[in-house]
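Structure first, then comments.
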Amino acid sequence: PGPGRRTGRWFGSGNFDACHNLALVPETPLAGTAIAPADATRPGWALYRGWSLAPGADEHEVLLDIVSTSPIGPAPSVRVQAPGPADTWNTVGSAKVAAGYSGELAIQLRSGAALRKSDGTFRLVLEGAVKVSGVQLK
């Protein structure tokens, strides 16, 4: 894990620890990097490890900086997953994203305890043509 993964701080989405079906794409034509599914017809994911969680906090949300979405492929959506038993992943929060949306998106997590058990590890799953430049765990 890279430095700076603390609750309440923005982190570049391209600084993931592992990924699948994911591409690094320009955030804007002139600056920055974002992530998006490499093939918008299939989900892509980015794994983030080692977020330092606030002591005693069991309610969390993930904030995303959505750069853009498009109606190409499946309807754009984002899921947050926490590790489960035997190499499984459990969805702890999700949101559909309107085509054409850009801005901040908050996903309330149903189980903050799952993040605590996983030492702050979660997986961000992107479906459809959605482009994300920043991630924050609150």
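The values are calculated or read from the model by the stated rules, or taken from the named source; none is laboratory data. Keep in mind that this is a model prediction, so the values were computed, not measured. Here the Cβ positions follow ideal geometry from the backbone for every residue, glycine too, while neighbour counts run over all protein chains shown. Areas reflect the complete protein model, heavy atoms only, side chains present, ligands, DNA and RNA absent. Shrake-Rupley method; radii C 1.70, N 1.55, O 1.52, S 1.80 Å.
Within region 29-76, how many residues are outside any loop (DSSP other than H, G, I, E, B), of a type outside the set (A, V, I, L, M, F, W, C), more than 21 Å from residue 91 (Cα to Cα) and open to solvent by less than 60 Å² (accessible area, probe 1.4 Å)?
Residues that pass the stated criteria total 3.
Does any residue in region 90-110 that is within 17 Å of residue 121 (Cβ to Cβ) and aliphatic (A, V, I, L, M) come within less than 6 Å, Cβ to Cβ, of a residue that is in a loop (DSSP other than H, G, I, E, B) and open to solvent by 50 Å² or more (accessible area, probe 1.4 Å) six or more places away or on a different chain, and which pairs are these?
Sorted first by the residue in region 90-110, then by its partner, the pairs are 92/110.
Collect the residues in region 1-12 that are open to solvent by 60 Å² or more (accessible area, probe 1.4 Å), at pLDDT 85 or above and in a strand (DSSP E or B), keeping them in residue-number order.
Scanning region 1-12 gives no hits.
Is at least one residue of region 13-28 surrounded by fewer than 13 Cβ atoms within 10 Å (Cβ to Cβ), under 18 Å from residue 69 (Cβ atoms) and in contact (Cβ under 8 Å) with a residue 12 or more places away in the chain?
Yes.
Looking at region 33-90 only, could you name the residues that are among the charged types (D, E, K, R) and more than 15 Å from the chain's Cα centre (by Cα)?
39, 42, 58, 59, 87
Test residue 71 against the stated conditions and say whether it is at pLDDT below 90, within 18 Å of residue 25 (Cα to Cα) and not β-branched (Val, Ile, Thr).
So residue 71 passes the test.
Considering 95, 99, which residue is surrounded by fewer than 16 Cβ atoms within 10 Å (Cβ to Cβ), small (Gly, Ala, Ser) and either under 24 Å from residue 21 (Cβ atoms) or in contact with a Gly (Cβ under 6 Å, 6 or more places away or on another chain) (or both)?
Among 95, 99, only 99 is surrounded by fewer than 16 Cβ atoms within 10 Å (Cβ to Cβ), small (Gly, Ala, Ser) and either under 24 Å from residue 21 (Cβ atoms) or in contact with a Gly (Cβ under 6 Å, 6 or more places away or on another chain) (or both).
Across region 103-128, what is the number of residues that are open to solvent by less than 70 Å² (accessible area, probe 1.4 Å) and either of a type in the set (A, V, I, L, M, F, W, C) or more than 18 Å from residue 50 (Cα to Cα) (or both)?
Here the count works out to 14.
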